[in-house]
Amino acid sequence: MKLKLNRLLIPFFLFTYLECNPTNLANPCDPKSDSFFTQLILSSASESGFCLGQIVNSGNPYPFSDFTFYKNIPVSIFPTNNRSSEIRLVPPPPEGLVLDSNNGVLSGQATTTSERIQYRVLRKGAEVAQITIEVRDLVASRVYGQFGNLNSNVENNDGFGGIGVANSGNLSFPDQITTDDTFGLYSLSGSRILYFPNGEFNQATRVYGQKNVFSCDVPNLSDGNSCLAGPGPTAETLHTPRGLIFTKEGNLIVSDNQNRRILSFASNATNASRVFGPTDFNTQGGGGTSISVYNSPYGLSESPKGGFYLADRLGSRVLYFPKDSNLPTEVYGQPDFNSNGAAQSASGLNSPRAVVADSKDGIYVADTDNNRVLYFPTGSKVAERVYGQSTFFNSAGSVTRTGLFSPGGVALDQSENLYVADTGSSRVLIFPKTNQTSGISAFAVIGQFNNFNCNASNNNGSCISAGANASTLYFPAGVHFDKKGKLYIADTSNNRILAY
């Protein structure tokens with residue numbers, strides 16, 4: 001006969017045990033606690049099942065394990081699960097930030113810089129995860145493309161401050177960047193892509209589009225010995241690429257603009273393994289706008305549901321490609337896949353250059369020639385928010401706290417504040433996460449010494465154009481955050497990438 005223990009008696013005996021061992025009551029659900037297994041049995045015999053719930057719902061409640069916050073920039077980090085009450089951090093969060101123990105939201109503005117620190121995440125006294133936080137100044141600390149010199153902006157820098165030819169450390173008008181899981185950086189540069197491994201700012205170790213020859217930078221290279229351009233594309237050539245992303249699957253996806261195609265490269269490979277648009281690697285795309293013709297593919301963004309978004313500039317549209325599909329299934333800015341008319345409305349676009357998806361798969365689109373950014377919520381082809389304009393039907397560019405002039409890049413930080421590369425104004429504007437629909441004010445500006453009404457290239461601090469330094473920008477076209485939340489700006493006409 002199977003022995004059954006009355007579940008009503010278990011709490012009684014365990015309560016007696018705990019009464020006799022009061023030290024076991026501290027941190028009762030912490031696996032390191034002496035009373036953990038006792039409390040686990042007790043909870044399994046009760047209706048609450050508290051410690052069992054703690055085990056099932058253990059793990060990091062936040063969307064990231066590593067955070068980088070910038071001084072005086074608003075922080076708003078929400079837990080991603082419903083077990084977020086009675087959370088605290090040990091040690092306490094950085095100065096200026098507050099953790100609401102009732103809902104686990106970390107918010108405020110960091111007021112002092114700090115090195116990266118590891119924090120224990122506790123819930124009801126039990127450790128459920130560890131995270132790291134670093135607070136930095138919003139001033140460039142490192143530079144790519146200029147051999148470590150933040151005061152240089154030479155195209156194809158020869159390493160001594162003079163104009164040279166392409167090499168493994170210089171750049172030519174880089175306009176988009178991305179990073180991989182190891183924090184290596186990919187940068188567009190002319191008709192090539194350079195890969196700089198983590199921590200290496202002066203020397204790329206891999207080049208795409210030039211048959212592994214760092215000294216060449218020509219469209220559709222045919223001969224690496226003499227850097228001669230070829231008659232057409234192949235799986236290992238590029239012609240003025242304009243967008244790139246590194247996916248969760250470890251693939252590099254590139255919009256090969258003048259070849260009118262999209263390429264996918266497997267991890268570390270410099271020969272493409274997949275092509276979108278043309279029927280093969282040796283055929284150039286183009287033709288009448290359709291579901292498979294992309295006449296000016298630009299910015300890319302990975303979707304949280306898988307797949308990616310493409311800003312097709314001359315098509316005045318944004319396309320969504322599901323994971324493993326060679327054709328898009330959704331179009332924004334046009335009524336169908338065969339239309340390409342420009343429009344200024346809540347559902348129209350005019351030559352968009354960039355797109356970024358948020359955590360809910362809503363998308364922000366840099367609607368460049370309408371001098372605005374539109375936000376389309378998940379599942380809607382009608383924008384509910386406009387940045388840079390007072391209404392959905394205005395399009396004039398302006399240099400103000402609420403205006404934009406030829407925006408070329410968009411990115412979201414870990415709090416989902418919006419960063420816009422306002423290319424024509426030589427600045428990056430930072431907008432708060434908001435539900436406001438129009439007339440939205442930026443709360444910070446990079447590149448113009450906190451002056452929202454200045455658009456001087458390489459501003460000297462008095463709204464006069466001068467030389468490049470760690471605080472200036474010159475027609476920046478791209479903005480990006482890595483997985484630790486660190487900011488990068490493609491400072492295009494300064495021929496450099498800035499790391500903050």
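The values are calculated or read from the model by the stated rules, or taken from the named source; none is laboratory data. These numbers were taken from a predicted model, which means no experiment stands behind them. All Cβ positions, glycine included, derive from the backbone under ideal geometry; neighbour counts span all protein chains shown. Just so you know, the surface numbers come from the protein's heavy atoms only, side chains and all, with ligands and any DNA or RNA stripped out. Shrake-Rupley method; radii C 1.70, N 1.55, O 1.52, S 1.80 Å.
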- Note on the structure: Condition set under 11 Å from the mean Cα position of the chain (by Cα) and in a strand (DSSP E or B), scope the stretch 410-430, selection surrounded by the most Cβ atoms within 10 Å (Cβ to Cβ): answer is V410
- How do the strands (runs of 3 or more DSSP E) wholly within the stretch 60-110 filter down when requiring 1 or more residues that are aliphatic (A, V, I, L, M), in contact with a Lys or Arg (Cβ under 8 Å, 6 or more places away or on another chain) and open to solvent by less than 40 Å² (accessible area, probe 1.4 Å): which remain? 87-90, 97-99
- Task: Considering only the stretch 451-483, state which residues are polar (S, T, N, Q), over 22 Å from the mean Cα position of the chain (by Cα) and farther than 23 Å from A366 by Cβ.
- Result: N460, S462, S465, N469
- Item | Criterion violated by F376 - all others in (1) touching a Pro at 6+ places or on another chain (Cβ under 9 Å); (2) buried (at least 21 other Cβ atoms within 10 Å of the Cβ) satisfied | (1)
- Note on the structure: Considering the stretch 111-151, residues that are surrounded by 19 or more Cβ atoms within 10 Å (Cβ to Cβ) and hydroxyl-bearing (S, T, Y), and then whichever is nearest to I489 (Cα to Cα), we arrive at Y144
- Message: Tell me yes or no: at least one residue of the stretch 302-313 is in contact with a strand residue (DSSP E or B) (Cβ under 9 Å, 6 or more places away or on another chain), free of Cβ contacts under 8 Å to residues at least 60 places away in the same chain, among the polar types (S, T, N, Q) and closer than 26 Å to T437 by Cβ.
- Response: yes
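Please verify whether the stretch 473-480 includes one or more residues that are free of Cβ contacts under 8 Å to residues at least 40 places away in the same chain, open to solvent by 20 Å² or more (accessible area, probe 1.4 Å) and in contact with a helix residue (DSSP H, G or I) (Cβ under 8 Å, 6 or more places away or on another chain). Walk me through how you get there before you give the answer.
Step one: filter the stretch 473-480 for residues free of Cβ contacts under 8 Å to residues at least 40 places away in the same chain, giving none.
Scanning the stretch 473-480, I find no residue that is free of Cβ contacts under 8 Å to residues at least 40 places away in the same chain, open to solvent by 20 Å² or more (accessible area, probe 1.4 Å) and in contact with a helix residue (DSSP H, G or I) (Cβ under 8 Å, 6 or more places away or on another chain), so the answer is no.
Inspect the stretch 317-332 for any residue being aromatic (F, W, Y), surrounded by 18 or more Cβ atoms within 10 Å (Cβ to Cβ) and in a loop (DSSP other than H, G, I, E, B) and give the result as yes or no.
Applying the first criterion (aromatic (F, W, Y)) to the stretch 317-332 yields 320-321, 332.
If we keep only those that are surrounded by 18 or more Cβ atoms within 10 Å (Cβ to Cβ) too, we end up with 320-321, 332.
Checking which are in a loop (DSSP other than H, G, I, E, B) leaves us with none.
No; the residues of the stretch 317-332 include none that is aromatic (F, W, Y), surrounded by 18 or more Cβ atoms within 10 Å (Cβ to Cβ) and in a loop (DSSP other than H, G, I, E, B).
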- Lone unmet requirement of (1) in a loop (DSSP other than H, G, I, E, B); (2) touching a Pro at 6+ places or on another chain (Cβ under 6 Å) for V135: (1)
- Message: Quick check on P304: is it surrounded by fewer than 18 Cβ atoms within 10 Å (Cβ to Cβ) and within 30 Å of F78 (Cα to Cα)?
- Response: yes
- In this structure, is V154 surrounded by 14 or more Cβ atoms within 10 Å (Cβ to Cβ), in a strand (DSSP E or B) and touching a residue at least 12 places away in the same chain (Cβ under 8 Å)? no
- Query: How about the stretch 445-471: which of its residues are surrounded by 24 or more Cβ atoms within 10 Å (Cβ to Cβ), part of a loop (DSSP other than H, G, I, E, B) and either among the hydrophobic types (A, V, I, L, M, F, W, C) or touching a residue at least 40 places away in the same chain (Cβ under 8 Å) (or both)?
  - Reply: A468
- Task: All but one of (1) of a type in the set (A, V, I, L, M); (2) open to solvent by 40 Å² or more (accessible area, probe 1.4 Å); (3) in contact with a helix residue (DSSP H, G or I) (Cβ under 9 Å, 6 or more places away or on another chain) hold for V382, so report the exception by its number.
- Result: (3)
- Query: Going by the structure shown, is N295 closer than 27 Å to N167 by Cβ and either touching a residue at least 24 places away in the same chain (Cβ under 8 Å) or open to solvent by less than 10 Å² (accessible area, probe 1.4 Å) (or both)?
  - Reply: no
- Message: Given the condition closer than 30 Å to P93 by Cα and not β-branched (V, I, T), answer yes or no: does some residue in the stretch 197-205 qualify?
- Response: yes
- Message: So, in the stretch 181-209, exactly how many residues are farther than 21 Å from Y298 by Cβ and touching a residue at least 40 places away in the same chain (Cβ under 8 Å)?
- Response: 7
- Message: Suppose we filter the stretch 184-223 for residues that are exposed (fewer than 14 other Cβ atoms within 10 Å of the Cβ) and of a type in the set (F, W, Y); how many remain?
- Response: 0
